[in-house]
1. Which condition from (1) over 23 Å from residue 172 (Cβ atoms); (2) at pLDDT 90 or above; (3) not charged (D, E, K, R) is the one that residue 341 breaks?
2. Checking the conditions here, which among 221, 191, 205 is within 29 Å of residue 152 (Cβ to Cβ) and either small (Gly, Ala, Ser) or open to solvent by less than 70 Å² (accessible area, probe 1.4 Å) (or both)?
3. On the basis of being over 25 Å from residue 330 (Cβ atoms) and either modelled with pLDDT under 90 or of a type in the set (Val, Ile, Thr) (or both), does residue 114 make the cut?
4. Within the range 220-254, track down each residue that is of a type in the set (Ser, Thr, Tyr), more than 20 Å from the chain's Cα centre (by Cα) and farther than 12 Å from residue 184 by Cβ.
5. Just to verify a result, which residue in the range 136-148, among those that are in a loop (DSSP other than H, G, I, E, B) and open to solvent by 20 Å² or more (accessible area, probe 1.4 Å), is modelled with the lowest pLDDT?
6. One residue is enough: does the range 310-327 have a residue meeting the conditions touching a Leu at 6+ places or on another chain (Cβ under 9 Å) and among the polar types (S, T, N, Q)?
7. Of the residues 133, 123, only one is modelled with pLDDT of 90 or more, under 26 Å from residue 281 (Cα atoms) and not in a helix (DSSP H, G or I); which?
8. Could you say whether any residue in the range 186-200 is at pLDDT 95 or above and part of a helix (DSSP H, G or I)?
Amino acid sequence: MNKYYIAISYKAACDASVKPTTDFEAVLRRNGFKNIGLPAIKSRYFIVTKYWNILSYIISGLRIKKGDTVAIQYPGIIGLSDLLFKQVVKKSPKTVILIHDLEKLRHGFDYCHNLLENADAIIAHTDNMHQWIESNIPAAGERKIIDLGIFDYALDNKLEPKPSDSPHGSFNIVFAGNLAKAPFLEKIDFSDTGVKIMTFGNGISKRMKENKSLDYRGTCSPEQLLDRISGYDFGLVWDGDSIDGCSGAFGNYLRYNSPYKMSSYLCAGLPVILWSKMGMRKFAEENNIGICVDSLAEIPERLAALTGEEYAAMRNAAAETGHRLRDSYYSQLALDKAMEFINNDYAQVK
């Protein structure tokens with residue numbers, strides 16, 4: 001059986017926005033999948049990668065044959081999903097789709113549900129996303145849907161997390177990302193609690209700079225970030241403009257998705273602090289890798305109540321999960337299930 005994927009090219013960036021895609025491409029290659037499109041390139045100019053991807057999809061459509069197996073990363077490059085469907089899926093290869101984002105959940109519209117409706121196996125983020133697909137895309141719900149669990153964070157070097165002395169003193173909590181999309185940071189008040197938010201990323205506002213509960217640490221590459229944060233105590237996953245729950249389109253999206261921010265914290269060996277209504281709550285609780293709160297205001301009290309033994313157990317569990325993430329454990333497991341399903345002609349996967 002011929003197994004293919006379509007390499008995606010991106011504008012060069014210093015953040016981790018394209019890493020989940022390229023990491024999964026590496027897992028595919030390790031499992032005998034070959035790029036059937038043009039080789040991936042990086043360019044300073046978006047227009048270059050856009051037309052390179054269009055040409056790559058067209059070439060892929062000409063090369064793919066009935067009976068081939070094709071792994072597709074969804075939605076791929078925005079605006080090309082419909083082209084991909086017309087050129088590739090209509091040839092009726094066996095298709096495995098890894099969902100990176102469901103824009104229907106985040107913004108109320110999507111680019112091409114045809115891909116999901118015609119897939120043979122779908123890898124969703126969480127059980128919540130799994131259930132949403134079954135309820136809202138009936139044709140896709142008839143397919144085999146596999147829960148990824150969490151996005152991996154592949155690394156060639158074996159990062160060893162630095163030790164942390166908490167909870168015997170103050171707590172340093174990391175929040176890394178686009179700070180312009182995190183207005184809740186302006187409202188945090190941890191005065192006289194021993195808790196500080198260490199912020200990394202672009203887009204810091206004047207009010208964030210003036211907030212004494214925050215300590216801005218600048219910007220750095222994804223690889224540098226892991227080393228810089230590994231000695232802190234927790235990583236925070238939150239979104240929106242409220243400290244009392246995650247709000248807005250991106251906040252609501254956390255009910256379903258596996259945010260890559262969480263993977264980066266765990267890869268650095270940090271336990272996580274999550275919104276209690278996140279789709280990743282079950283994963284966090286089952287693996288003892290952090291705490292869940294309804295409001296950020298609960299954090300100081302929750303952390304103060306942790307014993308040294310409880311925190312050490314969380315940190316050890318986070319380190320173990322981080323090792324699996326760096327080795328692409330969860331992507332490999334999900335791909336194995338998808339391929340077992342396809343290879344056994346829709347037999348039930350145990």
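1. The one condition residue 341 does not meet is (2).
2. On the way: 191 fails: within 29 Å of residue 152 (Cβ to Cβ); 205 fails: within 29 Å of residue 152 (Cβ to Cβ).
From the options 221, 191, 205, the qualifying one is 221.
3. Yes.
4. Just the residues of the range 220-254 that are of a type in the set (Ser, Thr, Tyr), to begin with: 221, 230, 232, 242, 247, 253.
Checking the rest, the ones that are also more than 20 Å from the chain's Cα centre (by Cα) come to 232, 242.
Hit for the range 220-254 is 232, nothing else.
5. First, pick out the residues of the range 136-148 that are in a loop (DSSP other than H, G, I, E, B): 137, 142-143, 148.
Add one more test, that the residue is open to solvent by 20 Å² or more (accessible area, probe 1.4 Å), and what stays is 142-143.
Numbers: 142: 75, 143: 78.
Taking the candidates together, the pick is 142.
6. Scanning the range 310-327 turns up at least one residue that is touching a Leu at 6+ places or on another chain (Cβ under 9 Å) and among the polar types (S, T, N, Q).
7. Values: 133 fails: not in a helix (DSSP H, G or I).
After applying the criteria, what remains is 123.
8. Within the range 186-200 (the criterion being at pLDDT 95 or above and part of a helix (DSSP H, G or I)), the answer is yes, since at least one residue qualifies.
The values are calculated or read from the model by the stated rules, or taken from the named source; none is laboratory data. Nothing here was measured: the structure is a model prediction, and the numbers come from that model. Don't worry about glycine lacking a Cβ; one is built from the backbone with ideal geometry, like all the others, and counts go over all protein chains shown. When the accessible area is computed, the model is the full protein with side chains, heavy atoms only, and any ligands, DNA or RNA have been set aside. Shrake-Rupley method; radii C 1.70, N 1.55, O 1.52, S 1.80 Å.
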